[in-house]
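This report refers to the structure that appears directly beneath it.
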Amino acid sequence: MLFPSLIQERLAQALLRSGLDIPASFEPSVTAAQDTRFGDYQSNAAMVLAKQLRCNPRETASAIASAFEGGDLCDAPEIAGPGFLNFRLRPAAFSAALAAILTDSRQGVPQASPPRRIVVDFSAPNVAKPMHVGHIRSTIIGDCLARTARFLGHEVTTDNHIGDWGTQFGMILHGWKTLLDAEALEADPVAELLRIYKEINTLCKEDETVRDQCRAELVALQAGDPENLKIWKTCVDLSIAGLGKLYDRLDVSFDHWLGESHYNDRLAPLVEDLIARSVARESEGAICIFFTEHPALAEKPCLIRKADGGFLYATTDLATIDFRIEQWQAEEIWYVVGAPQQLHFQQIFESVRLAAAAGRGPATPPALRHIAHGSILGADRKLMKTRSGDNVQLADVLDEAITRARAVVEEKNPDLPAAEKDEIASIIGIGAVKFAELSQHRMTDYIFSWEKMLALQGDTAPYLQYSSVRIQSIFRKLEGPAPDWTALDPTSFTFQDESETRLLRLLARFAEVVPSVLDDHRPNLLAGYLLELAGAFHAFFAACPVLKAEVSARTSRLALCAATNKVLQTGLGLLGIRVPKRM
RNA sequence: GCACCCGUAGUUCAACGGAUAGAACGGAGGCCUCCGGAGCCUCAGGUAGAGGUUCGAUUCCUCUCGGGUGCACCA
């Protein structure tokens, strides 16, 4: 049940009846009122129209209002301020929405129509180096967007485009051959790979000959040297196993792990084809795509083949797009990648456009979107460099989060079985880390802080989880089965307290909020909504007894509790956050 | 040099061009022997600056100041 759409339909009909000269393209917008004093929903249609028609906005509003027929949804809107149309829904409409949340498997969230085939490219760490905190943003935002798109009915393919090929393997190969400690590798492969990477990295900076040796190893690898290929494969397998453990802890999964190496065979023919189509040309020995008619990119060509014949990651990205079109018929590709790579994606997207114009690929290439996010900065306000390898490890962050959560569980609930405490601590700790990320605008840069990332109080996941846990606790105490909501007549609901109606209003908005996440790819809209919902729930819960209420109010309040719990669990699920039974 | 991102309470963050700019943390003060106090209720406190677009600007445009980032053979 989507109130803005329902109101919008009636508003559109009112416009036709109003006698106003409505432009054909005009669509009235209806949004939730920001302040309940103004009603439940509002529209600025009269003001927008008045501007176009050059007439008085309040008179326009009045004409629309008197032509408006709300049926059993609401009465005619009130006119307020400069010409707002304010709608107040009938209590029965909210009761119906509540019933829908309780009985509908989608909590009233509409199915996307038409569904799109979307490839979500996120996380994409380089192998042979463990993930540090900087990787958390793409991983968690991407996972949330993929979950949300799926929930809305889109056909989603997630692909972890890992960095499993390229220059860094020259260093790793050289390090493997000269520095490897077999025992250490056995004990903790990822740590040992990191160690040799860091050591070689340092040596390279100091010593020219080491750098040359690394380069030679890389050339050998790319030329197909069997020994190097074998070592490379071993490294990749070990890294993937290590990454897998981390993703398991994060409850993040991918449909595919098609890394850069997967596209090696496509690179040379791709470049040849682009040359043949005059999309790319030689310049200073390299093969480049120039964007002459694009002012911002006029002096920023995209290199797709080096003078030495080697390929670059732009080449791989272009080949990857081909693959995703051929294999998955992608209609959209979302790249959840940090903002510093904006130029790169501009170049890639523009290259695809040029190639398509030159007859390469399908007539309508997929919509390509760079879903950029800000950076996590070190204490010095500088970027955490992916390459330096000495940043805070993601695994350490998760460990610490769980340790802290475990301590709180111990304090609050000492009598729980140890295994359950561990389980709860994991759910709470990981949830806190994820929510810290998802609750802020994705473009915001922030300085890494244990305190911020691991907070358990205030606007955090544990606050939301706690809300759900309290509701679950009520239903455990209920003694006897919960009401059968499908058999209940929604008109029997009664709500008097202001905290009840506020909660009800928010519950009904879930159906609006979930789709809005994908409008601009912003999980923080959902996170913010859930905080607001939980806040409204706690206020209600503090003000209104549920189990001890008299019978008529009791069922209605139980319904609010059940619906709140459903929305919290579904919403947190879309954020990739689980909810314990107790905490 | 060209391009992109960001400047909001003491702090960390919100706010499809909408009405009196919201939270949280920190600070001050409260919460009945009642469903779990990871909670609830008060109070204090803010849009970097200057123009412009408009009925209306934190939001869009221009400039200034201040912070960050990216730009030819790494990924």
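The values are calculated or read from the model by the stated rules, or taken from the named source; none is laboratory data. The shown structure was predicted, so the numbers you read here are calculated from the model rather than taken from an experiment. In this analysis, Cβ positions are derived from the backbone assuming ideal geometry, glycine residues included, and neighbour counts consider all displayed protein chains. The area values use the complete protein model at the heavy-atom level, side chains included, leaving out ligands, DNA and RNA. Shrake-Rupley method; radii C 1.70, N 1.55, O 1.52, S 1.80 Å.
Under the condition of being within 28 Å of A:Gly528 (Cα to Cα) and over 33 Å from the mean Cα position of the chain (by Cα), the residues counted in the range A:464-492 number 0.
Filtering the range A:427-447 to residues that are open to solvent by less than 40 Å² (accessible area, probe 1.4 Å) and closer than 19 Å to A:Val337 by Cβ leaves A:Lys434, A:Glu437, A:Leu438, A:Gln440, A:Arg442, A:Tyr446. Of all residues in the range A:102-116, those that are more than 12 Å from A:Arg150 (Cα to Cα) have Cβ atoms under 8 Å from Cβ atoms of residues that are among the charged types (D, E, K, R), 6 or more apart or on another chain, in A:Leu102/A:Lys566; A:Gln107/A:Lys566.
Restricting the range A:430-445 to residues that are assigned to a helix (DSSP H, G or I) and within 22 Å of A:Gly378 (Cα to Cα) leaves a set whose member that is farthest from RNA strand B (Cβ to nearest atom) is A:Lys434. When A:Arg578 is tested against (1) within 11 Å of RNA strand B (Cβ to nearest atom); (2) crowded, with 16+ Cβ neighbours inside 10 Å; (3) within 32 Å of the chain's Cα centre (by Cα); (4) in a loop (DSSP other than H, G, I, E, B), just one condition goes unmet, and that condition is (1).
Okay, residues lined up against (1) within 16 Å of RNA strand B (Cβ to nearest atom); (2) open to solvent by 20 Å² or more (accessible area, probe 1.4 Å):
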{"site": "A:Pro295", "(1), (2)": "yes, yes"}
{"site": "A:Phe311", "(1), (2)": "yes, yes"}
{"site": "A:Trp328", "(1), (2)": "no, yes"}
{"site": "A:Val337", "(1), (2)": "yes, yes"}
{"site": "A:Leu343", "(1), (2)": "yes, yes"}
{"site": "A:Ser351", "(1), (2)": "yes, no"}
{"site": "A:Ala357", "(1), (2)": "no, yes"}
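Among residues that are farther than 25 Å from A:Lys434 by Cα and surrounded by 19 or more Cβ atoms within 10 Å (Cβ to Cβ), A:Phe510 is not included. Could you please find all residues in the range A:446-463 being assigned to a helix (DSSP H, G or I), near RNA strand B (Cβ under 7 Å from one of its atoms) and closer than 16 Å to A:Gly535 by Cβ? Result: A:Pro462, A:Tyr463.
Restricting attention to the range A:450-485, the residues that are small (Gly, Ala, Ser) and open to solvent by 40 Å² or more (accessible area, probe 1.4 Å) total 3.
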